[in-house]
Amino acid sequence: MQSRWRLIAAVAAVGIAAAVAVAAVGLAFGGRGGSSASKAGYEATVVNARDRVDYALQRVTESQSMPDLVQRLNDASNTVGGAAAELDQAKVANGFEAQNAQLVTALRAFSTTLGNTANTFKDPALANSLTNMNSLSFPEWDQVNAILAEMKSKGIEVALLARH
């Protein structure tokens with residue numbers, strides 16, 4: 001009976017040693033255990049986020065009234081914030097970690113600015129001064145495009161945000 005338990009203990013020890021060896025080899029050759037994406041997969045994620053942001057910004061330019069503009073700015077703020085969250089949670093291709101973090105930060109700032117702009121436009125004290133406005137400009141738009149251009153130079157095929 002005692003030899004039977006020794007045999008079971010030996011088999012268990014060999015199994016544990018094998019599992020540890022497989023894990024060590026997997027970490028050595030597999031990198032971060034699947035936490036990175038292929039370049040093509042990451043590119044698709046970036047392009048999707050960029051397209052959503054661009055569409056939301058295009059909708060802002062189609063506003064027909066001040067309340068409509070405020071609503072579309074708020075919608076754009078939500079869309080841009082959502083794109084930032086998506087990129088923050090996405091698996092990133094090797095070599096693009098820094099640009100992804102910068103893009104997430106820039107998109108979050110852009111989202112905040114869009115929301116703050118909408119809130120400013122709701123202020124009745126500014127209503128008269130805003131009626132002659134014919135364009136909006138956001139420094140975060142430039143930041144996002146600079147990051148997208150850097151990604152493009154490194155091989156991610158993504159268009160810059162359009163000027164609407």
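The values are calculated or read from the model by the stated rules, or taken from the named source; none is laboratory data. Keep in mind that this is a model prediction, so the values were computed, not measured. Cβ coordinates were reconstructed from backbone atoms using ideal geometry, including for glycine residues, and neighbour counts include every protein chain displayed.
Output the number of residues of segment 92-138 satisfying the condition of being basic (Lys, Arg) and modelled with pLDDT of 95 or more. Final tally of qualifying residues: 1. Quick check on Val80: is it of a type outside the set (D, E, K, R) and under 15 Å from the mean Cα position of the chain (by Cα)? Judged against the criteria, Val80 is a match. Please tell me if Asn74 is without any contact (Cβ under 8 Å) to a residue 60 or more places away in the chain and not in a helix (DSSP H, G or I). So Asn74 does not fit the description; no.
Taken together, Val70, Val80 contain a single residue that is in contact with a Lys or Arg (Cβ under 6 Å, 6 or more places away or on another chain) and either surrounded by fewer than 14 Cβ atoms within 10 Å (Cβ to Cβ) or among the β-branched types (Val, Ile, Thr) (or both), which is Val70. For the criterion of being in the same structural domain as Ala44 (by TED's automatic domain parsing) and free of Cβ contacts under 8 Å to residues at least 12 places away in the same chain, Asp142 passes.
Quick grid of which residues meet (1) buried (at least 18 other Cβ atoms within 10 Å of the Cβ); (2) over 16 Å from Arg52 (Cα atoms); (3) not aromatic (Phe, Trp, Tyr):
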site: Ala84; (1), (2), (3): yes, no, yes
site: Ala98; (1), (2), (3): no, yes, yes
site: Thr105; (1), (2), (3): no, yes, yes
site: Phe110; (1), (2), (3): yes, no, no
site: Thr120; (1), (2), (3): no, yes, yes
site: Trp141; (1), (2), (3): yes, no, no
site: Ser153; (1), (2), (3): no, yes, yes
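For segment 124-139, the count of residues that are surrounded by 18 or more Cβ atoms within 10 Å (Cβ to Cβ) and not acidic (Asp, Glu) is zero. Would you check if there is a residue in segment 108-121 being more than 13 Å from the chain's Cα centre (by Cα), of a type outside the set (Gly, Ala, Ser) and assigned to a loop (DSSP other than H, G, I, E, B)? Within segment 108-121, none of the residues are more than 13 Å from the chain's Cα centre (by Cα), of a type outside the set (Gly, Ala, Ser) and assigned to a loop (DSSP other than H, G, I, E, B).
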